[in-house]
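Input: a single structure, listed below in structure tokens.
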Amino acid sequence: MSKRLIAASVLSADFAHLHRDVEMLNESETDYIHIDMMDGVFVPNISFGFPVCDAIYRHARKPMDFHLMIKDPTPYLERCIHSGAAIITVHYETCDHLHRTVTRIKALGAKAGVAVNPHLPVDHLNDVLPFVDLVLLMSVNPGFGGQKFIETTYQRVARLKENAGAVNPGLLIEVDGGVTDQNAGKLFESGADILVAGNFIFNAENPRYAISNLKKA
């Protein structure tokens, strides 16, 4: 049974009114504030750095979920903790010593996540599944918001859920990219626990209502 949690990606927030948007999330049914950090190397975009994260953390009353889309994340783990990270997710493709990185995240006191891009079979994660708290499945190619959802994600979620069943039944499965109220229900039914949404929330006429709709989808 999925947990039906929502992580709102502030990548789609209005940065001229960031405090206002964070306060909106505080008052909403959002479960996590999702932080997309991009370096322009691992993904073809640059988002924001730690000064912005610190500003969000000063006002956030929801736990912060850091998604590091950066080439070498390990040197920045402790800095993420100082900026409020409750979850730190690194990409499978960016860590030469993934187990060591995951262990370090846990030692720092955060939940440890591993993300995979759409082209990577989820079976590649089998050896690390017993050691992580969360797996993030990208349902678009990372780098930009507003992309079209990749339909094979449902099968990937179900396969990951099956693989985790014997070795880590408490694993959280997070899906990021193209999430709307049109696919949220099927993602939850497939086994996803956390859905990341940005454009769908912040472009809505009533963002709090949009968040509520995702949870009920």
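Throughout, read-outs are computed from the coordinates displayed, never taken from laboratory work. This is a predicted model, so every value here is computed, not measured. Virtual Cβ from ideal backbone geometry, glycine too; neighbours counted across all protein chains shown.
Could you grab me the full set of residues in the stretch 1-39 that are within 21 Å of Pro207 (Cβ to Cβ) and part of a strand (DSSP E or B)? Working first, answer last.
Our first condition is that a residue be within 21 Å of Pro207 (Cβ to Cβ); within the stretch 1-39, this holds for 4-36.
Within the stretch 1-39, Leu5, Ile6, Ala7, Ala8, Ser9, Tyr32, Ile33, His34, Ile35, Asp36 meet the criteria.
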message = Quick check on my filter: what residues within the stretch 194-217 are surrounded by fewer than 16 Cβ atoms within 10 Å (Cβ to Cβ) and not in a loop (DSSP other than H, G, I, E, B)?
response = Arg208, Tyr209, Lys216
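Here is a check on your reading of the model: is Asp127 in a loop (DSSP other than H, G, I, E, B), of a type outside the set (Gly, Ala, Ser) and touching a Ser or Thr at 6+ places or on another chain (Cβ under 7 Å)?
Numbers: in a loop (DSSP other than H, G, I, E, B): yes; of a type outside the set (Gly, Ala, Ser): yes; touching a Ser or Thr at 6+ places or on another chain (Cβ under 7 Å): no.
Taking the combined requirement at face value, the residue does not satisfy it.
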note = Note: among Phe48, Phe42, just one is free of Cβ contacts under 8 Å to residues at least 40 places away in the same chain and either within 24 Å of Val140 (Cα to Cα) or in a loop (DSSP other than H, G, I, E, B) (or both), namely Phe48
message = Six or more apart or on different chains, Cβ atoms under 6 Å: show the pairs whose first residue is in the stretch 113-133 and touching a residue at least 40 places away in the same chain (Cβ under 8 Å) and whose second is in a helix (DSSP H, G or I) and among the charged types (D, E, K, R).
response = Val122/Arg156; Val122/Arg159
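Yes or no, residue by residue, for (1) over 15 Å from the mean Cα position of the chain (by Cα); (2) more than 16 Å from Ala110 (Cβ to Cβ); (3) crowded, with 16+ Cβ neighbours inside 10 Å:
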| site | (1), (2), (3) |
| --- | --- |
| Asn26 | yes, yes, no |
| Tyr32 | no, no, yes |
| Gly40 | yes, yes, no |
| Gly49 | yes, yes, no |
| Val52 | yes, yes, yes |
| Leu68 | no, no, yes |
| Pro75 | yes, no, no |
| Glu78 | yes, no, no |
| Ile87 | no, no, yes |
